[in-house]
Structure formats: structure tokens, C-alpha cells
Amino acid sequence: MSASVIEQILARAAAALTGTTAAQANVFRGRADALADDEIPGLNLRRAPSNEDGVGQNGSRLFVEFDVEHYVDDDVEWETAADALHMQVHGVLSNDAQLAALGRGLRCTGTDPQGDSADRVIGKLTAHYHMQVFVRPGDLTRSIS
Amino acid sequence: MADFAALESRLNAACQAHLANCTATFGGGEPLGGIFDAEYQEILGVSAARPTFVAIASALDGVKNGAALAIDCTSLGMVASPFTVNEVHAEHGMTRLYLRRA
């Protein structure tokens, strides 16, 4: 069974980000376990709730949402470090031709910064991303955008 | 009836004497005995620890946020790890320092 277009988008985003930002190979998909020291800076891509809107009888527009969690540890300027990593991520995603071929209108719709302190300061910036994809109602695996 | 403060002070001193598992050295000062702990803590989805050093309050007078110290816990297999103080919490004659890796 082929993967859905949503899964294809997330897989492509993860592949495009691997080795192309300061996070290097620390790129994860839906990771539920805690990150270790050597996995920071790191990125975690999470599928978010998506909606579908019928277009006539033969088309559906999917509003694909996903989050990119950026993890940094910087005792002094974690917000600046997280922002720098996000700008690298945004540049990669915005310029990836394979990702663009899967849908339209990739955009970052917002960010959510969080910081906390223990034996070091951890910063987490969650960037919310949105894409639109047109599909046939009977086939969620193929974009017809 | 014995003075409560005096009892508390004696109890604190006895506890520290029996439970101390490390020494802390501030700058070039003398090593100070105390209780070190670094309980596991997950913050924002990241593995971390919450290191603390506890000693009799009078021994830690003047210690402020940002102070640098080395913890020597040979019995725990950890020697002279550098930390900075990021929170000072005093209660009942003891002071707990919350530490951050330097």
C-alpha cells in the first residue's frame, strides 16, 4: 500500500532536512522519547491534524499541517539559537523541489517558543507548517496539484 | 525544654556528617562537605538532570546565583565537575543550591 500524500510530505521534509542544517543527522519523525545530549541541536517532525475540503465530485483539497520542533541548548541565548536553526530549516523546506512537487503553498503559519532549565537550559521552538494538496477522493496517495 | 533552633542545628549537623557524599569548592576556597544529588528530569522532551548541593546554611552564606563551584564526588564516580549556581533555596537551617553544568 502506498503512503498517503501527508506521509510523503513528512518523509520528504525529513529527508531534505537531514544533514542540511546545524542539527545535522539529528532529524526525527514523531519522536516520543526524550532526546539525549548528543541529539541536540535536533529536529522532530510531527504530523498535525489535517482537514479536507471537497471540490466538486472529483477532487478534494487537503490542508496538510505539520510541526517542526527545534531543540537547542544554549544557556545564554536559546531563543536566538532556536531562531537561527528555524531559519535554516525554513530555507531548506522552502527551496526543496521535491517537497514543492507534492503540494502548494508551503508556509510557516506560526511559532511557539518554550524554554526550561535544569542542569542546562533547553529551548524548544515549534514551527507550524501548512501545505495544500489536491487529490482524488478515492486516492489519498497521489497529489494532482 | 530545649531551644528548637539549637536542636535543629544539631540535627542538621548530624545529618550532614552522616549523609555527606561530596565536597564543593568555591573558587580557591576550602572544600565544603555536603549532599549532592542529580535526579533525572525530562524537560521539554529532552533528557536532563537536576543537580543540587545541600549543606548547612551558615556554610553557604554569601553564595549567590552565578557562583562557580567544583563538585568532587569520588564515591559516586564523579570528580571535580564544574557547575554554576542558578538558584539558592534556604530553609530550616539548610541551604539547597540548584546547579547548572558549567
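Please report the relative contact order for chain A, taking Cα pairs under 8 Å with a sequence separation of at least 6, and give it as a percent rounded to a whole number.
Numbers: 289 pairs, mean separation 37.6, N = 145.
Rounded, it is 26 percent for chain A.
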- prompt: On average, how many beta carbons from a partner chain sit within 10 Å of the beta carbon of a residue in A:119-130?
  reply: 3
query: Hey, what do the phi angles of region A:66-76 turn into as Karplus ³J(HN,Hα) couplings, whole Hz, using 6.51/-1.76/1.60 and θ = phi - 60°, x for Gly and Pro?
result: 8, 10, 10, 8, 9, 10, 9, 10, 8, 5, 9
task: Using the 2.2 N^0.38 Å rule of thumb for compact globular proteins, work out how chain A stacks up: its C-alpha Rg over that value, please.
output: 1.12
query: Between A:Arg47 and A:Gln114, what length in nm is gained on full extension when 0.36 nm per residue of separation is reduced by their alpha carbon distance?
result: 22.2 nm
field: Relative contact order for region B:4-101, counting Cα pairs under 8 Å that sit 6 or more residues apart, in percent
entry: 25 percent
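What does the charge dipole of region B:1-73 about its Cα centre add up to, to the nearest 20 debye, if the Cβ of each Lys and Arg holds +1 and the Cβ of each Asp and Glu holds -1? Provide the component values of the computation, followed by the final result.
Details: 3 positive and 8 negative charges, 14 e Å.
Result for region B:1-73 is approximately 60 debye, rounded to the nearest 20.
Report, as an integer, the average count of C-beta atoms from other chains found within 10 Å of each Cβ along A:32-42. Don't jump to the answer; show the numbers that get you there.
Details: counts 1, 3, 9, 6, 3, 4, 0, 2, 2, 0, 2.
Shielding by partners across A:32-42 averages 3.
Provide the FRET efficiency to the nearest 0.05 for the A:Ala25-A:Asp67 pair, computing r from the beta carbons and using R0 = 22 Å.
Numbers: r = 20 Å, r/R0 = 0.90.
Given R0 = 22 Å and the Cβ-Cβ separation, E is 0.65.
Using only the alpha carbon atoms of region B:4-101, find the Kirkwood hydrodynamic radius as the inverse mean reciprocal pair distance, in angstroms to one decimal. Display every interim value, and only then the final one.
Working: mean 1/r = 0.0720 Å⁻¹.
Radius from the Kirkwood sum: 13.9 Å.
For peptide B:33-45, what's the mean number of Cβ atoms from other chains within 10 Å of each residue's Cβ?
On the way: counts 0, 0, 0, 0, 0, 2, 1, 2, 4, 6, 11, 12, 12.
Mean partner shielding for this stretch: 4.
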- request: Note down the Stokes-Einstein diffusion coefficient of region A:65-145 in µm²/s, whole number, using a Kirkwood radius over alpha carbon pairs, 20 °C, and 1.002 mPa s.
  value: 150 µm²/s
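For B:Phe4 and A:Ala15, FRET efficiency with R0 = 51 Å and r from the beta-carbon atoms, rounded to 0.05?
Numbers: r = 67 Å, r/R0 = 1.31.
About 0.15, to the nearest 0.05.
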message: Largest first, please: the extent of the C-alpha atoms of the protein assembly as shown along each principal axis, to the nearest Å.
response: 89, 39, 29
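Between A:Ala101 and A:Asp75, what FRET efficiency follows from the Cβ-Cβ distance if R0 is 51 Å, with the result rounded to 0.05?
Working: r = 41 Å, r/R0 = 0.81.
Approximately 0.80, to the nearest 0.05.
Every number in this text was worked out from the coordinates using simple rules, so none of it is lab data. None of these values were measured; they are calculated from a predicted model. Please note: Cβ atoms are built from the backbone with ideal geometry, for glycine as well, and neighbour counts cover all protein chains shown.
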